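Please treat every number below as a calculation from the coordinates, not as lab data. Note that the coordinates shown come from a computational prediction; the quantities given were computed from them, not determined experimentally. Note that each Cβ is placed from the backbone with ideal geometry, even for glycine, and that neighbours are counted across all protein chains shown.
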Amino acid sequence: MIYLDNAATTGVRRTVLEAMWPYLTEEFGNPSSQHELGQRAASALANARERVSAVLGCRAAEVTFTSGGTESDNLAVKGVALAAPRGRHLVASAIEHEAVLESCAHLRREHGFAVDLAPVTSDALVRAADVAGLLRPDTTLVSVMYANNEVGTVQQVALIAEEAHRVGAVMHTDAVQAAGWLSLDVGALGVDALSVSGHKLGAPKGIGALYLRRGTRVEPVLHGGGQERGRRSGTENVAGAVGLAVALGLAEAARADRAAASTLLRDGFIARVLARVPGARLTGHPLDRLPGNASFCFPGLSGEAVLLELERRGVVCSSGSACAAGRDEPSHVLLALGLDGPTAQTAVRFTLSTETTGVELEAAADALSESVASLGALSTG
Ligand code: PLP
């Protein structure tokens, strides 16, 4: 199988699992317990927090472990909105993950917040000026993702953060897809909150983290025993936190080389697909995109049908965002780029990992052109 769906999820790396293993077996203590077993778990958790904070360039106390990207986004958006007495206005981009968009929708429905969504260009860039145009003196939070999960476009987060701060709003970025590919240095990004998720980079599903700049007020979403400095109750996932720390550290150490190598492979793959599949269109920004993302529309064909044909030929990828899979509606991201509904339904996303080779990508391009040929000619109009 050629696995080109790494933006959906990845397998746990062996080194990550080995680091986690003791905390799943003999070192199984609860970090809140006073006895030594518990205290050893507490110190493993503290060490994991340090290691995550080293990658983010922040203080350990600014890192809250969560159950993943969805929870981090919920805590950032709902937590900051409900804690901040500044006002009841939120700004997000139209192409955010559902975890952000639905949190905003919840705040609008249940708490009377006004929500404005910033438009994007046809290649999925959020313009800082467009965000600036939506800001109000009572804007509480601006949430713009670092890189898009469907089309891979990378946003100018630092410029947008500057605009958000001009009106005193908190700036959150969803870095779930950027992690492992781009620098997560929160100082350089200028953000007050940043979400990451373990399973996109070789840690298990069910662990994530939220950076919250010191002094940023947040109302917890989960109430209970007051773990994670009261921000996120629930017995800590010690093994998961250790796994996330190791995976983030490994990814960060290899990041620059990995990004350069994958960019070359990705561009070769994109060029091959555009040359061999008549009518194929790249979606997302041609340059400002994640090194591991190659996404296309194949007008006239069904993305789902292309996916099935590819899988028959041993290539696994995705027809849009994994979270939207199984639903029939066209992706809100592709619609926001200005694609019409039928064209949006033709989308196919290929996402690479560090392990992806040029040989695999050549085989995938061959499989794609065979798949498309077997489904009939594309309409180029
Ligand atoms: N944000 C983005 C951009 C994502 O791509 C995803 C998952 O696909 C999430 C958030 C949700 O993360 P998790 O699966 O860890 O809940």
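Key figures for this structure:
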| read-out | value |
| --- | --- |
| Considering only the chain, percent of DSSP beta bridges that pair antiparallel, nearest 5 | 50 |
| Span-rule helices in the chain, defined as complete DSSP H runs reaching 20 Å or more along the axis (Cα) with Kyte mean at least 0.0 | 36-56, 238-276, 358-375 |
| Region 76-186 - charge dipole about Cα centre, Lys and Arg +1 at Cβ, Asp and Glu -1, debye rounded to 20 | 420 |
| Candidates 159, 282, 189: whichever shows maximal mean-square fluctuation once the chain is modelled as a Gaussian network with Cα springs under 10 Å | 159 |
| Zone residues, region 338-373, relative to residue 328, backbone N less than 19 Å from point 7 Å out along Cα-to-Cβ | 340-347 |
| Approximate spin-label separation residue 83-residue 359, in nm, with each point projected 7 Å along Cα-to-Cβ | 5.1 |
| Loop trypsin sites (Lys or Arg not before Pro), region 263-365, which have at most 10 other Cβ atoms in a 10 Å radius of their Cβ (DSSP) | 327 |
| Of 248, 307, 75, the one that fluctuates the most in a GNM where the chain has Cα springs shorter than 10 Å | 307 |
| Euclidean distance of C-alpha centroids, region 160-203 and region 46-66, integer Å | 14 |
| Most mobile of 310, 274, 125 in a GNM of the chain (Cα contacts under 10 Å) | 274 |
| Inter-probe distance in nm under a simple model that places probes 7 Å from Cα toward Cβ, at residue 188 and residue 54 | 1.8 |
| Label-point separation in nm, residue 304 to residue 370, each point 7 Å along Cα→Cβ | 2.5 |
| With eigenvalues of the C-alpha gyration tensor scaled by 5 and rooted, region 150-226, Å | 21, 20, 9 |
| Compactness of the chain - radius of gyration and Dmax, Cα, Å | 21.0, 70 |
| Percent of Cα pairs exceeding the 12 Å cut-off, where the set is region 33-73 | 63 |
| Per-residue [θ]222 nm for the chain (sum of -39500 (n - 2.57) over DSSP H runs n ≥ 4, rounded to 500) | -12500 deg cm²/dmol |
| Estimated FRET transfer efficiency when R0 is 41 angstrom, pair residue 21-residue 136 (beta carbons, to 0.05) | 0.20 |
